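Contents: one structure, followed by commentary.
The values are calculated or read from the model by the stated rules, or taken from the named source; none is laboratory data. Quantities reported herein were computed from a predicted structural model and do not represent experimental measurements. Every residue, glycine as well, gets a Cβ built from its backbone with ideal geometry; the counts of neighbours run over all protein chains shown.
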Amino acid sequence: MYTAVEKAIRNALLGSSTITAAVASRIYALQAPPGAAMPYVVFVHMAGGDENNTQLGSADLRYLIQAIGTDAQGVVDLATTIRTVFHKVNMTMDAPYRVFNSHELEPVRMVETVERVQYWHMGAIYRFRVSE
């Protein structure tokens, strides 16, 4: 189920022309590869799991989805667009799964400086409720 959810997250992001105009296909699970061009989007499973409360498969998952780059305003704009892609929108998944997602926590922000370069991170935790 997790593979299907992560495939759906990536496809939803790639389905936004605003996001692909900014990052092309630089959308990664867990972390970006070393030397990846910026900006990019990273998503990571943070909490939740299988519910085991029915005979059908179901899960309640939380993912951190964030934009990362060196241009603060560009990262803010990407994070805002990510929110429009995921908040209270039914995401398409491969059969037999159905999913409802929502914006869960407002925003996750961080800036780090490495060798005098600032890297801006902005995103949010999103909840994905998945069932067969």
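Across segment 111-124, what is the total count of residues that are of a type in the set (A, V, I, L, M), under 22 Å from the mean Cα position of the chain (by Cα) and either over 21 Å from Ile9 (Cβ atoms) or exposed (fewer than 12 other Cβ atoms within 10 Å of the Cβ) (or both)?
Qualifying residue count for the region: 1.
Only residues that are under 13 Å from the mean Cα position of the chain (by Cα) and among the aliphatic types (A, V, I, L, M): list them for segment 33-60, please.
Val41, Val42, Val44, Met46
When Ala37 is evaluated against the numbered criteria (1) modelled with pLDDT of 95 or more; (2) surrounded by 13 or more Cβ atoms within 10 Å (Cβ to Cβ); (3) of a type in the set (A, V, I, L, M, F, W, C), which criterion, by number, is the only one it fails?
(2)
Checking the conditions here, which among Ala79, Ala67 is in a helix (DSSP H, G or I) and at pLDDT 90 or above?
Answer to the selection: Ala79.
Return the only residue of Val108, Val85 being closer than 18 Å to Tyr28 by Cβ, out of contact with any His (no Cβ under 9 Å at 6 or more places or on another chain) and at pLDDT 65 or above.
Val85 is the lone residue from the list that is closer than 18 Å to Tyr28 by Cβ, out of contact with any His (no Cβ under 9 Å at 6 or more places or on another chain) and at pLDDT 65 or above.
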